[in-house]
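Structure record follows, encoded as structure tokens.
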Amino acid sequence: MPPPWLLIIIYPHSIRLHCPLANLLLYYPQSYYHRILIYENKSDTTGESTNYMKDKEIEAAQRQIRRNSSVAATRRCHECNEEALGHCPDCRKGFCQDHFPRQQHSPCAEKQMRLAQTQVCYICGRQVYPDQWSLSRTSHYIDEFRCDGCGRHICDELHTQRKTENVSIIREGLRGHRYQSTTRYCSLCSPFYRIGGIRGLMRWVVVVGTVGVGALFYLHP
């Protein structure tokens, strides 16, 4: 009778050992060895990737904290230490709800005092008061009392021929602020409001005249 090791070599398919690990090593020795190596490498890689992700999350949280602190530091009212809720369209500075009107912050308050004598309706001479105010933390109104066509001041009661409200949403910090501005046209600019009033009409006249003169010199050298 041949020795047992010879039977294992000659008839491997007919041997059934009771140990599962022995069966795996008998039939698939190389594949099982590779599986063990893959499993160990996968465990090491998973641990390294978990630590890497944790470091990335901590770094991202620190960046967000620094960004929030910098935004909070820059978005402060220029008159007090409260949070700045809106930006003045004239001086471009941020102010809280109480200091957003022009008469309540510098340098617009001094500018309003200097121009008080010139801020009159160009037709009747009535005093006008350009102003801006905040109805809430995110809603702001702006009224220049100025004709958008010719740029001159006009009163609201008598010589505002056309008035529209323009709304713009501007993202500032973590909020979206609603700015509603009043656009006015006097009786002279109202018929040409679609092209920007008298100033828009003059621009079109200059463009058409330039094109016409250029075409004339091109056709008749």
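The values are calculated or read from the model by the stated rules, or taken from the named source; none is laboratory data. Since we're looking at a predicted model, the values are computed, not measured. Every residue, glycine among them, receives a Cβ derived from its backbone with ideal geometry; neighbour counts consider all protein chains shown.
Below are the figures for this structure:
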| read-out | value |
| --- | --- |
| Odd one out for Phe100, checked against (1) closer than 28 Å to Ile195 by Cβ; (2) crowded, with 17+ Cβ neighbours inside 10 Å | (1) |
| Tally, over the range 157-197, of residues that are modelled with pLDDT under 90, of a type in the set (A, V, I, L, M) and either in a loop (DSSP other than H, G, I, E, B) or touching a Leu at 6+ places or on another chain (Cβ under 9 Å) (or both) | 1 |
| Cys150 vs. criteria in contact with a helix residue (DSSP H, G or I) (Cβ under 6 Å, 6 or more places away or on another chain), under 28 Å from Ser190 (Cα atoms) and of a type in the set (A, V, I, L, M, F, W, C) | yes |
| Failed item, numbered, when Ile123 is tested on (1) in contact (Cβ under 8 Å) with a residue 60 or more places away in the chain; (2) surrounded by fewer than 14 Cβ atoms within 10 Å (Cβ to Cβ); (3) of a type outside the set (Asp, Glu) | (2) |
| Top-ranked residue in the range 128-156 [being β-branched (Val, Ile, Thr) and not in a strand (DSSP E or B); ranked as farthest from Phe95 (Cα to Cα)] | Ile154 |
| Ile142 closer than 22 Å to Gly200 by Cα, surrounded by 12 or more Cβ atoms within 10 Å (Cβ to Cβ) and of a type in the set (Val, Ile, Thr) | no |
| From Gly176, Gly200, residue being of a type outside the set (Asp, Glu) and either surrounded by fewer than 16 Cβ atoms within 10 Å (Cβ to Cβ) or without any contact (Cβ under 8 Å) to a residue 12 or more places away in the chain (or both) | Gly176 |
| Selected residue (criterion: farthest from Gly151 (Cα to Cα)) from residues of the range 179-197 that are among the hydrophobic types (A, V, I, L, M, F, W, C) and either in contact with a strand residue (DSSP E or B) (Cβ under 7 Å, 6 or more places away or on another chain) or free of Cβ contacts under 8 Å to residues at least 12 places away in the same chain (or both) | Ile195 |
